[in-house]
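**Q** What follows is a structure written as structure tokens; I'll ask about it next.
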Amino acid sequence: MELNREEKLDFHRIGKYWDRGETEIDIIYADDRAKRLVFGECKLSKKRLNIDALEKKAMKFLDTHRQYSAWTKTLHLYTPGEPGFLFKALEMK
């Protein structure tokens, strides 16, 4: 499901994730009240954005952070030249 590009973000924790291996996520937003996570990937070129690769990274994160398994999870791709830099947003199942 594609989300509205005008969506307002109200998150309490913002950071990044790296497992010291191959899994690196540029941005993770966490909203503890709404129980919602957003995983974000930032690239200078639209051609390098890959929603499937971001979803695999998010799944690896969730494998080791099971406390978020019931939360709503969304994937965001960011690139310059797009309104608010948001190129695409998809909700994870």
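The values are calculated or read from the model by the stated rules, or taken from the named source; none is laboratory data. Nothing here was measured: the structure is a model prediction, and the numbers come from that model. Every residue, glycine as well, gets a Cβ built from its backbone with ideal geometry; the counts of neighbours run over all protein chains shown. Please note that ligands, DNA and RNA were not included when accessible areas were found on the heavy atoms of the full protein model with its side chains. Shrake-Rupley method; radii C 1.70, N 1.55, O 1.52, S 1.80 Å.
**Q** When residues of segment 54-72 are filtered for being among the small types (Gly, Ala, Ser) and surrounded by fewer than 12 Cβ atoms within 10 Å (Cβ to Cβ), how many remain? Spell out the reasoning first.
**A** The initial filter retains those residues of segment 54-72 that are among the small types (Gly, Ala, Ser), namely 58, 69-70.
Then keep just the ones that are surrounded by fewer than 12 Cβ atoms within 10 Å (Cβ to Cβ); that gives 69-70.
Selection size over segment 54-72: 2.
**Q** Pick from LEU86, LEU75: which is in contact with a helix residue (DSSP H, G or I) (Cβ under 7 Å, 6 or more places away or on another chain), modelled with pLDDT under 95 and open to solvent by less than 30 Å² (accessible area, probe 1.4 Å)? Spell out how you get there, then give the answer.
**A** Values: LEU86 fails: in contact with a helix residue (DSSP H, G or I) (Cβ under 7 Å, 6 or more places away or on another chain).
The conditions single out LEU75.
**Q** Which residue out of GLU6, GLU91, GLU41 is open to solvent by 100 Å² or more (accessible area, probe 1.4 Å) and modelled with pLDDT under 95?
**A** Working: GLU91 fails: open to solvent by 100 Å² or more (accessible area, probe 1.4 Å); GLU41 fails: open to solvent by 100 Å² or more (accessible area, probe 1.4 Å).
Just one listed residue meets the conditions, GLU6.
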